[in-house]
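Notes to accompany the following structure.
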Amino acid sequence: MPPGGSPPPLELVLTVASPQELSGTDLSPYDAVCLGNTYCRRVEGNFAEELGLLPAAVAALHAAGKKAYVTSPAAPRGRDIPQVERLIDAAAASGADALEVHNMGVLRVLREKRIPLPAHMGAYANVYTHLAAQVMREYGAVRVRPNAEVSLDEMAVIARDAGVEVEVLAHGKIPLGITEKCFLLEGTEGADPMCPSACREEHWLTAGGPSAGAKPSGAGAWVLKNVGKGVVSGKDMCVIEHLPRLLSAGFRIFRVEGLYETAAYRSEIGAVYRESFSLASSGGRYAVRPDWAKTLKEHSRNGFCNGYYFGKSGQSYVGTVLQGDNSRV
């Protein structure tokens, strides 16, 4: 930010996989929507796979005053590159504002196509240092989302020394890993009768092994969520108690992770963060309102964490309002 200048506008981004999720979600709190599922091409209605859906979705978002981003596969194999090329062409033709990229090969394909579509490096792009972000910038990336293990202080260095925008996960499940084979199927994709319906169910991995519904209990218990080809945190990343600190550090782009969540989750969490960002930006006294905390707890099955933002264990939570009993209220 130039001395004496106004800070860049705040942007709250939501991830949505399909038309069903888009139509059922109140998008009014959000400034941008990232369309598509990064984990699996076979997710029903996946914007990143059923490319004919993109023009109408992008047009509707633009008509509502929202930016429209399109994501690409997080871990594409060689056989996926032709589809990636079609995805890039379709995203550009639909008027999308950016392509979310998780892979340097995809970034190279985008560059070699000479399509003026900005690249946003996603959660699986392995952005740990400003040096990596600089290489990505040279290939056309304008925004990066550092890996989950990167602290807020390190993110600030990446933004400053690499000359790129840095996106911060504000709320939702933290992406932790991805694999080519679906964990939820016994047969092959397409042949197994459980595909793609299996990933619409909830599957939890606890300290005692896989769990279909029970909450973990006891000191030191941990929980992760399996989404088929990916593993995400069981707890929700939550930064609502730290918004003034984040804004004063210069962060302006924030994500609410909406994949594999309900429409109520996406709608109500977004509303809470829109209101809280407005208060945190006002310059007045900031405090988490009780109704915000109540809403966040209602949508948190296993509680909250700050990941590695503050240099602590990924499952720990720094704060007072949401600390302690994170069960439903």
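The values are calculated or read from the model by the stated rules, or taken from the named source; none is laboratory data. Bear in mind the structure is a predicted one, so any value in this text is a computation, not a measurement. Cβ: placed from backbone, ideal geometry, glycine included. Neighbour counts: every protein chain shown.
Points worth noting:
- Here the range 193-208 is the region considered, the condition is being within 21 Å of the chain's Cα centre (by Cα) and not hydrophobic (A, V, I, L, M, F, W, C), and the residue that is farthest from LEU259 (Cα to Cα) is HIS203.
- Residues that are surrounded by 18 or more Cβ atoms within 10 Å (Cβ to Cβ) and either among the acidic types (Asp, Glu) or farther than 24 Å from LYS229 by Cβ (or both), drawn from the range 119-131: HIS130
- Selection of the range 130-150 for residues being of a type in the set (Val, Ile, Thr) and under 19 Å from PHE310 (Cβ atoms) yields only VAL150.
- Scanning the range 132-182 for residues that are without any contact (Cβ under 8 Å) to a residue 40 or more places away in the chain, surrounded by fewer than 21 Cβ atoms within 10 Å (Cβ to Cβ) and in contact with a strand residue (DSSP E or B) (Cβ under 7 Å, 6 or more places away or on another chain) yields a count of 1.
- Pick from the range 288-312, criterion small (Gly, Ala, Ser) and surrounded by 12 or more Cβ atoms within 10 Å (Cβ to Cβ), ranking: farthest from the chain's Cα centre (by Cα): ALA293
- Residues that are surrounded by fewer than 17 Cβ atoms within 10 Å (Cβ to Cβ) and among the hydroxyl-bearing types (Ser, Thr, Tyr) were ranked within the range 249-285; the one that is nearest to LEU12 (Cα to Cα) is SER278.
- Positions within the range 204-238 being modelled with pLDDT of 75 or more, closer than 16 Å to THR179 by Cβ and not β-branched (Val, Ile, Thr), in sequence order: LEU205, LEU224, LYS225, ASN226, GLY228, LYS229, GLY230
- Residues that are among the charged types (D, E, K, R), more than 21 Å from TYR69 (Cβ to Cβ) and in a loop (DSSP other than H, G, I, E, B), drawn from the range 117-162: GLU149
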